[in-house]
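In what follows, a structure is listed as structure tokens, so that the remarks can point back to it.
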Amino acid sequence: MVTDHYEVLGVSRDASEDEIKKAYRRLARQLHPDVNPSEDAAERFKLVTHAYDVLSDADSRRRYDMGGDQNGNGGFGGFGGFGDIFETFFGGGGARAARPRSRRERGQDALVRVTLELGDVVFGVHRDIEVDTAVLCETCQGSCCQEGTSPVTCDICGGSGHVQQQVRSLLGNVITTAPCGSCEGFGTTIPFPCQTCNGQGRVRSRRTVGLDIPAGVETGLRLQLPGSGEVGRAGGPNGDLYVEVTVAPHARFSRDGDDLLATLEVAMSDAILGATTTIESLDGSVDLEIRQGLQSGDVLTIKGRGVTPLRGSQRGDLRVGVQVLTPTKLDHKERQLIEDFAQRTKAPAPKLAEFHQGLFSKLRDRFRG
């Protein structure tokens with residue numbers, strides 16, 4: 001059937017784009033299937049939509065005015081159907097088929113905090129962590145129903161999970177879709193819910209999760225255990241478990257990256273004459289040589305006695321800052337010996353030395369952390 005698109009819209013052939021659009025909006029309000037369910041209105045709505053599609057595009061309108069075919073090569077201009085066109089102009093309101101939502105939902109993530117000793121950071125450690133989360137209901141195994149029963153189709157929405165209702169608007173009576181209040185959008189109801197979990201398919205429980213904490217972790221780091229969080233509603237998949245690490249302060253050692261720092265108090269005589277001593281590191285005894293003439297602020301390095309990196313295998317070092325202890329109380333004989341030593345060495349008077357950046361770096365390293 002050949003129709004005149006201008007007559008269908010009720011506009012003149014020299015109508016402006018705005019006039020064509022207004023005419024279409026007016027007719028669409030009257031003829032849209034959600035407003036006017038009659039077959040005649042549906043056919044007229046198709047004609048109106050086709051006419052608007054051709055005349056609203058400048059190129060297809062020009063070809064149509066020049067004697068082109070009914071389509072003007074316009075088609076439906078990329079619209080997905082009458083519902084999409086209606087939604088484009090009027091902001092929605094068309095009734096659409098909707099699916100019921102699933103009862104099974106992913107569980108929430110869980111967060112626990114664990115405090116580690118510095119030795120745990122150096123070598124890594126295995127911890128059994130107590131977690132209080134939702135777990136699968138053993139009675140119903142996530143079905144939410146009592147034994148021998150099952151969900152039944154909702155008699156309000158017929159299993160769709162949604163209901164349609166007619167509301168009055170500027171367009172007249174418009175049909176809208178909303179979740180069913182009887183089944184909460186699930187499409188089914190549970191007449192006999194499991195008494196253990198109250199129809200949730202899960203219960204709260206304390207459980208133990210084993211965790212291998214790698215070496216090199218530090219305060220604030222979070223370790224993720226996929227699928228170890230709480231189980232979802234109706235036996236849905238588990239969320240993730242996050243373990244946040246806090247490293248407790250140590251009495252003798254502090255951490256600087258992959259290195260460990262410590263302070264060694266050395267008697268003045270040992271600093272002058274040299275000595276050998278044994279210190280206790282985090283992984284056993286270590287022999288340490290104190291060379292002659294050792295000064296406060298010097299740093300002695302013990303290779304490979306630091307922290308194992310989080311993503312590596314080469315351990316850092318143990319850096320020991322030296323603090324030479326000067327005697328504060330001397331008896332008569334000791335004082336005489338020191339005075340004789342001073343006279344023999346003819347030590348210069350105290351004075352300001354040249355600024356030495358390296359000395360302050362060593363001191364910072366020694367007392368850092």
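The values are calculated or read from the model by the stated rules, or taken from the named source; none is laboratory data. Just so it is clear, the model here is predicted, and its values are computed rather than measured. Cβ sites come from the backbone with ideal geometry, for glycine too, and all protein chains shown count toward neighbours. Surface areas here come from the heavy atoms of the whole protein model, side chains and all, with no ligands, DNA or RNA. Shrake-Rupley method; radii C 1.70, N 1.55, O 1.52, S 1.80 Å.
Could you check segment 104-158 and list, in sequence order, the residues that are part of a loop (DSSP other than H, G, I, E, B), open to solvent by 20 Å² or more (accessible area, probe 1.4 Å) and either closer than 15 Å to Leu241 by Cβ or in the same structural domain as Asp212 (by the TED database) (or both)?
Arg104, Glu105, Arg106, Gln108, Asp109, Glu117, Gly124
Find all pairs meeting these conditions: Cβ atoms under 6 angstrom apart; at least six residues apart or on different chains; first residue within segment 134-152 and within 21 Å of Ala110 (Cα to Cα); second residue hydroxyl-bearing (Ser, Thr, Tyr) and surrounded by fewer than 17 Cβ atoms within 10 Å (Cβ to Cβ).
If the second residue must be hydroxyl-bearing (Ser, Thr, Tyr) and surrounded by fewer than 17 Cβ atoms within 10 Å (Cβ to Cβ), the pairs left are Val135/Ser205; Cys137/Thr196.
Please work out if Ser205 is outside any strand (DSSP E or B), closer than 30 Å to Pro100 by Cβ, of a type in the set (Gly, Ala, Ser) and open to solvent by 40 Å² or more (accessible area, probe 1.4 Å).
Numbers: outside any strand (DSSP E or B): no; closer than 30 Å to Pro100 by Cβ: yes; of a type in the set (Gly, Ala, Ser): yes; open to solvent by 40 Å² or more (accessible area, probe 1.4 Å): yes.
Here the answer is no, as Ser205 does not meet what is asked.
Which fully enclosed strands (runs of 3 or more DSSP E) of segment 241-357 have 2 or more residues being hydrophobic (A, V, I, L, M, F, W, C) and more than 55 Å from the chain's Cα centre (by Cα)?
none
Restrict the check to segment 1-16 and report whether at least one residue is in a helix (DSSP H, G or I) and within 24 Å of Thr177 (Cα to Cα).
No; the residues of segment 1-16 include none that is in a helix (DSSP H, G or I) and within 24 Å of Thr177 (Cα to Cα).
Determine which single condition Phe90 fails, assuming it passes every other condition in (1) at pLDDT 90 or above; (2) open to solvent by less than 50 Å² (accessible area, probe 1.4 Å).
Unmet for Phe90, out of (1) at pLDDT 90 or above; (2) open to solvent by less than 50 Å² (accessible area, probe 1.4 Å): (1).
State yes or no: is Ser182 within 27 Å of Gly107 (Cβ to Cβ), modelled with pLDDT under 90, small (Gly, Ala, Ser) and not in a strand (DSSP E or B)?
Values: within 27 Å of Gly107 (Cβ to Cβ): yes; modelled with pLDDT under 90: yes; small (Gly, Ala, Ser): yes; not in a strand (DSSP E or B): yes.
Yes.
Hey, does segment 161-179 have a residue that's at negative phi, in contact with an Asp or Glu (Cβ under 7 Å, 6 or more places away or on another chain) and either modelled with pLDDT under 90 or assigned to a strand (DSSP E or B) (or both)?
Looking through segment 161-179, at least one residue is at negative phi, in contact with an Asp or Glu (Cβ under 7 Å, 6 or more places away or on another chain) and either modelled with pLDDT under 90 or assigned to a strand (DSSP E or B) (or both).
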